[in-house]
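The values are calculated or read from the model by the stated rules, or taken from the named source; none is laboratory data. Please read all numbers here as calculations on a predicted model, not as lab measurements. Virtual Cβ from ideal backbone geometry, glycine too; neighbours counted across all protein chains shown. The accessibility values were calculated without ligands, DNA or RNA, using every heavy atom of the protein model including side chains. Shrake-Rupley method; radii C 1.70, N 1.55, O 1.52, S 1.80 Å.
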Amino acid sequence: MNDNLWNQEKAVGGQCVRDNSRTGSAISRGTSYDWADSATGKDHDVKSYAGTVLGRHGGWRAGKASTGLPIRVGDRRKVTVSWDFSVSANPGVMNVAHDLWPHDKNTADRQDQPTDEVMIRLDRQGGAGPLGTRYGSVSLGGAMRDLYRGDIGWNVHSFVRRTDTTGATLNPDDFTRTLVRRKLLGDDKYVSGIESGTEVFKGKGRLDTKAYAVTIG
């Protein structure tokens, strides 16, 4: 679990991350937050991304023997990510999303920036918008999604679900293959991390995960 306050200087407030329980391969957890803009912050600044990480994130990495990651995009490995959650009423400006981290090698470490970021949004509140501009649309995982592209030093591909959901079982390979077919991502990239959490721009609310699991076949 990762209490990621990567934009904390642009915010005032705080948040709490709770590790509730584990049943088999599924975990239950929660996040509560209360964030407002600091003197240097803007409404469009993401203030935090509390989430669950499998594999690598920043300078932290668990080995392939225990996580199954990294996996080469072109190898078409089946990955099942299931998530059942709830969002509080009036949770401010925020979204709930999966985040995949491709690198150009299978030994990525602290000093290695990702080449890409693939966000799969399940829920968004308060008008939380994706980075970049709309590139197209696609039907994946039983829902229509708009694809956005942006750049923050690496390519950010955001699949934004047109209708919000509080539960989904998805195969991330469906999303990386869509990018490969559109020549937006290479088969030679390695997905080194799978992160799932809530991006908060501002406001007060909470996300409660009833069950979350990742299975790599």
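Take the Cβ atoms of residue 112 and residue 174, set R0 to 35 Å, and the FRET efficiency comes out at 0.85.
Sorted from greatest to least, the principal axis extents spanned by the alpha carbons of the range 1-160 come out as 44, 39, 36 Å.
In this structure, the amide hydrogen of residue 48, modeled 1.01 Å from its nitrogen in the peptide plane, lies closer than 5 angstrom to those of 200, counting only residues at least 5 positions away or on a different chain. If you take every residue apart from residue 49 with its C-beta less than 11 Å away from the C-beta of residue 49, what net charge results, scoring Lys and Arg +1 and Asp and Glu -1? With Lys, Arg at +1 and Asp, Glu at -1, the neighbours total -3.
Considering the range 8-95, its Cα convex hull presents a mean projected area of 8.2 nm².
The translational diffusion coefficient of the range 86-183, from Stokes-Einstein at 20 °C and 1.002 mPa s with a Kirkwood hydrodynamic radius over alpha carbon pairs, comes to 149 µm²/s. In the chain, the longest principal axis of the Cα atoms and the axis of helix 172-181 are about 70 degrees apart. By a 1.4 Å probe calculation restricted to protein chains, residue 23 has an accessible surface near 110 Å², given to the nearest 10. This model, with +1 at the C-beta of Lys and Arg and -1 at the C-beta of Asp and Glu, gives the chain a dipole about its Cα centre of some 460 debye. The order of 60, 35, 101 by accessible area, most exposed first and with a 1.4 Å probe, is 60, 101, 35.
With protein chains left intact and a 1.4 Å probe, residues in the chain average 46 Å² of accessible area per residue. Among the protein heavy atoms, those of residue 180 account for about 30 Å² of accessible surface (1.4 Å probe, every chain in place). If you roll a 1.4 angstrom probe over the protein chains with everything in place, what fraction of the accessible area of the chain belongs to carbon and sulfur, to the nearest %? After summing per-atom areas, the C and S share lands at 46 percent.
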